[in-house]
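Beneath this line is the structure, given in C-alpha cells, with notes to follow.
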Amino acid sequence: MKSESGSRSLCLGALVLHRSSFILALILITSFLMKLPNLGHRALKPLDEVFHAIVAANLLKHPLTPTLNDRQYLQIDYHLWQNTHIWLHKPPMAMWQIAVSYAILGVNTLALRLPSAILATLAVWLTYLIGKELIGRTAGLIAAALQAFNAPIAMLVHGNVFSDHIDISLLFWVEVSIWLLLRAIRSGQQRDFAFCGVAQGLAFLSKTHPAMIVTVLAIVALVLNRQRVPGRRIFSLLLATIAVVAPWTLWCLFNWKQQFLYENLHALRHLSSDVEGWAAPWDRLVFDFWIRIFHVYYPAVLVAGIVVMIRAWRLGDWRLWVLVAWGGGVLVPHLLATSKTMTATLIGWPAMWIMLGYLVTQAIGGCGMSAGAWAAATVLPLVFLSADDIPTRGWGYPEAGGFAAIMLEHVWVVWMVIGSLLVGVIVAMLRRRWLGQTLCVTAAGAMLVLAVRWWDDGRPRGYAYLAWRVKDVGNDRPNFLAIGRFAHTLPPNAAFMVDEQTKLENKLIQFAADRTCYPLPEMHWQEMGSAIVAGGGLPYLVTDKAVDLPVVFVDEEEGRKVYACTPAARSAADRVGGVLLPQ
C-alpha cells in the first residue's frame, strides 16, 4: 500500500511539473514573439535610446573606450553628457551587450533592441524561478505571466520609454543575482554566494547603485535565517561584486577621473535635486506611475502587498520578508527621492507580481481572506474602472498644489483597496468553503477579462492587449537614413551642424551617418563651422531653410538639405557624387 501511495504521489508530482513547464514555455514563447513585430522600427527615441545606440556602435571600434562623439571637433565640457566625447553617463554593460548584437547582425535598430527582447524574456523565466523558490510553482507562473505581458516593459524593449535597454539589462542581472541568492541560501555553499555577487556586479555595471538591492535582501535573509546565511557568506557576495566592478571603476578613474566622479555623483543627485525636470511629489509614483505600470491589476497588487506584509509579520517567514524587502527596498527610496522617473522602480516590479501570485495561491488553497480580497480587487476594477481613470501623461508636480493632490485625482485606488480588504475580512469570518471556491472562480474570470479586453467600451483596454499594441507605437519617421547613406560616402572627419526642428535630431542623424553631429543654435553656422575646421573637421550644415551655400545633398523624405560650408567640404562631396543643385 505504501509503495502504491508513493508511486501515485510521484506520478502526480511529475504531472504537475510537466504542466508547469508547458505553461511556462508557452508564456515565454508568446512573450518573446509579441515583442518581435516592429522591433526594428527605425525611429529612435531621442531620450535615451539614440545615445545608447551610438555609444554601443562606437564600442565596436574600441570596447573599453565609451564615446558619444567619437571624433570631437569642438571643445565641449564633459558635464554636457548629450554632446561629450567620452560618455560615462551610464555604465557600459547594456552597451556591450548591444555591441555584441551589432557585431553579429550589423549596426541597425533591430540589432539594437534584440538583446533587450531576449533579456526581458529571460527575466520572465527568472521571475518564475524566484517565485517558485519563495512561494511555489503557481505563484511563480502567475508572476511570470504578469511580467511577460506587461506593456511598460514591452515599451522599454522597443525603445519607447526613457532608459530603455539600460533598465532591461539591470532588471535581468538583478533577477539573476536574486535567484542565485536564493539558491545560495538553500545550498549554503560559499561558491553560490560568490556567483550571486558576480551577477550583482554585472547589474551594477548596468545602472550602478540600484543593483545593491540584492545585498539588502541578503542582509534581510541573514537577520532572519542565520543558520542558512552566515555572515561570512555575505562577505563572499560583496567581495565577488567588488571583483567584477573594480576593474571598470579603476580603468575609468585612471583615464577619466574627473568625469567619472562627476557622473557618479550626478546620479546620486536624483535623491535631493531636480535632475533634468524629473522632480515630483511622492504620490506621482504611487498614484500615477504605478497605476500605468500595473494598470487594471493595481488594486490587486496593492492588496497582495498588504496581505504579504501582514503574513510576514505574523509568521516571521523569511521568504515573505525577502519579498517585502525587495518591493519596499526599491519603492521607499524612490518615494523619498526628489527626482522620479516612471521606470526607476523596475527591479521591484517582479516582487509585486510574486506577491499577487502569493495572494492567488493562498486563495486557491482555501484562505477565505485571500479569496475575498482577490475577487474584490479584480471585480471592482472590471465593473467600476473607466478608461479616464488610468493616467497617461503625468509629469512632475501637479498644477493644483497641496498635499496628496495626485492621490486625490486617483482616489479610486484607495477605496478599491480598502473595499477589497473588507470583503476579504467578511469572507474569512463567514468560513464558507463553497463561497471561497466561488470567489476564486470569479476572480480568475475577472483577471482574464481584464487581461484581454480589446473592445472599446469606455473602460481600460486589457493588460495583455496593451502589451500587444506596443508594436504599433514605434514608427519609421524621422530616421534620416538618406542623409546617413550620403554621410557614409564622405571622409570620416565630416561633421554636421544640425538646425534642429525637434530636440536632439542631431543625434538621430549621427546614428544614421556615423559622423559627428552638433545642434546648431540660431543658425550661427559660420562660427561653429570655423571651430570645426580648426578642430580638423569638414563642416556641413543640415537644415530645411534656404542658405547661401552650395547644396550637396537633398533628403526629400525628411525635407532637409545638406550644405557644404567650406570649399574643402564641397570638394569632398563632389568626389563622391554629391547632389549639386543650382543656387
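Read the figures in this text as sums done on the coordinates, not as results from a lab. Model, not experiment: these values are computed from the prediction. Don't worry about glycine lacking a Cβ; one is built from the backbone with ideal geometry, like all the others, and counts go over all protein chains shown.
Just to be sure I understand: of the beta bridges DSSP finds with both ends in the chain, what percent are antiparallel, rounded to 5?
Antiparallel bridges: around 55 percent, rounded to the nearest 5.
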Among Ala428, His334, Leu346, the residue whose Cα sits farthest towards the positive end of the charge dipole of segment 11-467 (+1 at Cβ of Lys and Arg, -1 at Cβ of Asp and Glu, taken about the Cα centre) is Ala428
The answer for GluC sites (Glu not before Pro) in segment 477-583 that fall in a DSSP coil and have at most 10 neighbouring Cβ atoms within 10 Å is Glu556
Extend 7 Å from the Cα of Lys61 along its Cα-to-C-beta direction; within segment 100-120, residues with backbone N under 15 Å of that point are 107
With +1 at each Lys and Arg Cβ and -1 at each Asp and Glu Cβ, the charge dipole magnitude of segment 481-575 around its Cα centre, to the nearest 20 debye, comes out at 300
Rounded to the nearest 10, the angle in degrees between the Cα long axis of helix 298-315 and the longest principal axis of the Cα atoms of the chain comes to 50
Exposure proxy check on Ser420, Ser116: fewest-to-most Cβ neighbours within 10 Å is Ser420, Ser116
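Ranking request for peptides 68-79, 127-138: highest mean number of other beta-carbon atoms within 10 Å first, then the rest in descending order.
Packing proxy ranking, top to bottom: 127-138, 68-79.
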For Asp274, placing the label point 7 angstrom along Cα-to-beta-carbon and taking segment 391-419, residues whose amide nitrogen sits under 15 Å are 395-402
Expected sort for 263-274, 435-446 on mean C-beta neighbours within 10 Å, highest first, is 435-446, 263-274
Taking R0 as 45 Å and r as the Cβ-Cβ distance between Trp455 and Lys257, the FRET efficiency 1/(1 + (r/R0)^6), rounded to the nearest 0.05, comes to 0.15
For segment 487-542, listing trypsin sites (Lys or Arg not before Pro) in a DSSP loop whose Cβ sees at most 13 other Cβ atoms within 10 Å gives Lys503
Checked against the positive end of the charge dipole of the chain (+1 on Cβ of Lys and Arg, -1 on Cβ of Asp and Glu, about the Cα centre), the farthest of Ala546, Phe32, His79 is Phe32
Measuring from the longest principal axis of the C-alpha atoms of the chain, the long axis of helix 525-534 (C-alpha) lies at a number of degrees, nearest 10, equal to 90
Taking R0 as 45 Å and r as the Cβ-Cβ distance between Leu336 and Ala531, the FRET efficiency 1/(1 + (r/R0)^6), rounded to the nearest 0.05, comes to 0.55
Stretched fully, the stretch from Phe384 through Leu250 gains (0.36 nm per residue minus C-alpha distance, one decimal, in nm) 42.6 nm
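How much length is gained if the chain between Asp317 and Ala243 is pulled fully straight, taking 0.36 nm per residue apart and subtracting their Cα-Cα distance, in nm to one decimal?
23.4 nm
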Per the charge dipole of the chain (beta-carbon charges, Lys/Arg positive, Asp/Glu negative, Cα centre), the residue among Gln190, Tyr128, Phe480 reaching farthest to the positive end is Gln190
Here the FRET efficiency for Val425 versus Ala546, based on Cβ atoms and R0 = 60 Å and rounded to 0.05, is 0.25
Computed about the Cα centre, the charge dipole of the chain from +1 Lys/Arg and -1 Asp/Glu charges at the Cβ has a magnitude in debye, to the nearest 20, of 2680
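Can you give the net charge of the other residues whose Cβ lies under 15 Å from the Cβ of Cys196, counting K and R as +1 and D and E as -1?
So the environment of Cys196 carries a net charge of +3.
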Expressed as a whole-number percentage, the relative contact order of the chain with C-alpha contacts under 8 angstrom and at least six residues apart is 14
